[in-house]
1. Among residues belonging to region 100-119 that are charged (D, E, K, R) and within 19 Å of residue 165 (Cβ to Cβ), point out the one that is most open to solvent (accessible area, probe 1.4 Å).
2. Would you please name the residue that is farthest from ligand 1 (Cβ to nearest atom), looking only at residues in region 1-52 that are open to solvent by 70 Å² or more (accessible area, probe 1.4 Å) and among the hydrophobic types (A, V, I, L, M, F, W, C)?
3. Tally time: how many residues in region 213-243 are surrounded by 22 or more Cβ atoms within 10 Å (Cβ to Cβ) and either away from ligand 1 (no atom under 16 Å from the Cβ) or of a type in the set (Val, Ile, Thr) (or both)?
4. So which residues in region 166-212 are in a loop (DSSP other than H, G, I, E, B), open to solvent by 50 Å² or more (accessible area, probe 1.4 Å), more than 26 Å from residue 144 (Cα to Cα) and in contact (Cβ under 8 Å) with a residue 24 or more places away in the chain?
5. Among the residues of region 10-28, which ones are within 16 Å of ligand 2 (Cβ to nearest atom), in contact (Cβ under 8 Å) with a residue 40 or more places away in the chain and not in a helix (DSSP H, G or I)?
6. Can you tell me how many residues in region 73-104 are among the hydroxyl-bearing types (Ser, Thr, Tyr) and without any contact (Cβ under 8 Å) to a residue 60 or more places away in the chain?
7. Tell me, please, whether a residue that is out of contact with any Phe, Trp or Tyr (no Cβ under 9 Å at 6 or more places or on another chain) and within 16 Å of ligand 2 (Cβ to nearest atom) can be found in region 72-95.
8. Give the residue that is farthest from ligand 2 (Cβ to nearest atom), with candidates limited to residues of region 204-250 that are of a type in the set (S, T, N, Q) and farther than 30 Å from residue 22 by Cα.
Amino acid sequence: MKRALITGITGQDGSYLAELLLDKGYEVHGIIRRASTFNTGRIDHLYHNPEIYGKKLFLHYGDLADATQMVKLLYELQPDEIYNLGAQSHVRVSFDVPEYTADVTGAGAVRILEAIREAGLVKKVRFYQASSSEMFGKVQAVPQIETTPFWPRSPYGCAKLFAYWLTVNYRESYNLHASNGILFNHESERRGETFVTRKITRAVGRIKAGLQENLVLGNLDAQRDWGYAKEYVEMMWIMLQQDKPDDYVVATNETHTVREFCQVAFDRVGLDWEKYVKYDARYERPAEVELLIGDPAKAKKQLGWEPKVRFKELVEIMVDHDVKVAENERKIREVTGAYTAPSYLA
Ligand code: NAP
Ligand code: G4F
């Protein structure tokens with residue numbers, strides 16, 4: 001039985017990856033942060049399953065800012081594979097907390113890489129770094145591929161670039177099996193509620209259910225290459241099963257504006273988006289990434305991976321889910337007369 005360690009297991013990707021690895025027979029360990037509120041909503045179905053938790057899935061308190069705990073965990077666990085998905089992952093927020101983002105999203109990767117050396121795991125372990133299309137920033141070529149020069153446009157992008165190069169550097173310096181997945185935006189029913197896609201689909205559900213009046217957004221012209229998260233975590237695993245580590249673009253090779261996302265999402269429930277979407281400059285960023293579109297040809301050729309869920313289907317999956325969530329919330333409110341929708345319903 002292989003043993004995997006996931007940082008960021010409570011996040012969108014971490015939760016899907018945990019499911020995938022458990023399905024493949026792995027023993028899965030995840031690092032979670034202590035919080036004053038519940039933060040395990042995305043993995044509660046695994047955590048509350050007595051056949052899984054404590055038998056195949058184990059959670060450990062820790063933080064990417066805490067190098068000592070990282071070394072201790074790696075000594076204890078001796079994992080075969082490490083997936084570094086933990087991060088302060090919100091681009092807009094990274095402008096508010098640049099130093100924290102550098103520490104967790106950037107230096108967090110070094111802490112794991114050094115812990116691998118400290119625990120004597122260089123020859124045994126395989127390491128995956130969650131790199132990002134945000135590193136292409138002010139894009140130098142269209143579409144973007146593995147060799148496109150980087151030009152990050154946010155503290156988040158800069159932090160991810162640091163972690164990207166460190167991963168390459170440890171591969172070259174110590175012969176560590178370390179790979180970067182350069183993942184373009186990927187979304188799902190589990191996407192964080194403050195990223196634009198989920199903000200839109202939640203609003204659609206809530207407007208339809210009469211729980212919300214409008215939706216306030218920033219830049220509608222930004223273009224993104226949006227794929228389905230469930231398919232993207234599979235690529236993380238595939239990359240670590242190769243004899244040789246390498247870096248891969250994971251994308252759909254299609255791009256759409258935020259405006260188009262709104263159109264398709266509101267259309268799904270028969271509403272005219274223009275009547276509900278308002279603009280507020282506070283959602284703009286000091287520097288914007290205007291266009292992302294990735295060509296995953298290398299992933300297809302070398303690893304046989306290609307995305308199946310395309311833009312319209314992705315929007316519809318998310319809207320259909322959020323319509324149900326909002327309808328539940330409306331019913332709960334009707335019965336209790338109060339706002340009681342628990343966040344894990346999302
Ligand atoms: P997410 O939903 O925001 O999840 C981030 C995870 O990191 C959460 O589990 C979070 O824990 C954890 N975390 C935050 N700060 C931490 C810290 N100081 N120490 C330990 N863990 C910490 O992100 P995601 O969408 O799943 O993305 C997964 C990874 O891929 C991230 O590194 C992200 O930057 C990267 N990425 C994402 C995309 C995308 O489109 N989704 C594209 C490219 C790259 P809490 O639950 O406690 O907050
Ligand atoms: O959904 P977003 O916040 O995602 P963004 O900035 O592209 O970052 C995501 O994808 C990256 C991969 O490229 C990841 F590395 C990163 O961790 C994260 O998952 O914003 C998408 C676009 C932006 O251009 C933004 O300006 O939507 C625009 N937007 C317009 N109104 C908005 C809003 N974004 C947010 N979050 N909220 C708005 O109200």
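The values are calculated or read from the model by the stated rules, or taken from the named source; none is laboratory data. Computed from a predicted model, the values in this text were never measured in an experiment. With ideal geometry, Cβ positions are generated from the backbone for all residues, glycine too; neighbour counts draw on all protein chains shown. In case anyone asks, the SASA skips ligands and DNA or RNA and just uses the protein heavy atoms, side chains included. Shrake-Rupley method; radii C 1.70, N 1.55, O 1.52, S 1.80 Å.
1. Here is the first cut: in region 100-119, the ones charged (D, E, K, R) are 103, 111, 114, 117-118.
Next, only the ones that are within 19 Å of residue 165 (Cβ to Cβ) stay: 103, 111, 114, 117.
Details: 103: 52, 111: 52, 114: 73, 117: 97 Å².
Result: 117.
2. So, considering only residues that are open to solvent by 70 Å² or more (accessible area, probe 1.4 Å) and among the hydrophobic types (A, V, I, L, M, F, W, C), the one farthest from ligand 1 (Cβ to nearest atom) is 1.
3. The total comes to 1.
4. Within region 166-212, the first condition is being in a loop (DSSP other than H, G, I, E, B), and the residues that meet it are 175-176, 184-185, 188-195, 209-212.
Cutting the leftovers down to open to solvent by 50 Å² or more (accessible area, probe 1.4 Å) gives us 175, 190, 193-194, 210, 212.
From what's left, more than 26 Å from residue 144 (Cα to Cα): 175, 190, 193, 210, 212.
Within region 166-212, 175, 190, 193, 210 meet the criteria.
5. Let us first name the residues in region 10-28 that are within 16 Å of ligand 2 (Cβ to nearest atom), namely 10-17.
Filter once more, so that each one left must be in contact (Cβ under 8 Å) with a residue 40 or more places away in the chain: 11-17.
11 - this is the single residue of region 10-28 that is within 16 Å of ligand 2 (Cβ to nearest atom), in contact (Cβ under 8 Å) with a residue 40 or more places away in the chain and not in a helix (DSSP H, G or I).
6. Start the filter on region 73-104 by keeping residues that are among the hydroxyl-bearing types (Ser, Thr, Tyr), which leaves 75, 83, 89, 94, 100-101.
Add one more test, that the residue is without any contact (Cβ under 8 Å) to a residue 60 or more places away in the chain, and what stays is 75, 100-101.
Going through region 73-104 one residue at a time, the tally reaches 3.
7. Of the residues in region 72-95, the ones out of contact with any Phe, Trp or Tyr (no Cβ under 9 Å at 6 or more places or on another chain) are 72-76, 78-79, 86.
Filter again for within 16 Å of ligand 2 (Cβ to nearest atom), leaving 86.
Among the residues of region 72-95, at least one is out of contact with any Phe, Trp or Tyr (no Cβ under 9 Å at 6 or more places or on another chain) and within 16 Å of ligand 2 (Cβ to nearest atom), which makes the answer yes.
8. Kept after step one, since they are of a type in the set (S, T, N, Q), are these residues of region 204-250: 212, 214, 219, 223, 241-242.
After this cut, where a residue has to be farther than 30 Å from residue 22 by Cα as well, the list is 212, 214, 219, 223.
Values: 212: 14, 214: 12, 219: 4, 223: 8 Å.
The residue in question is 212.
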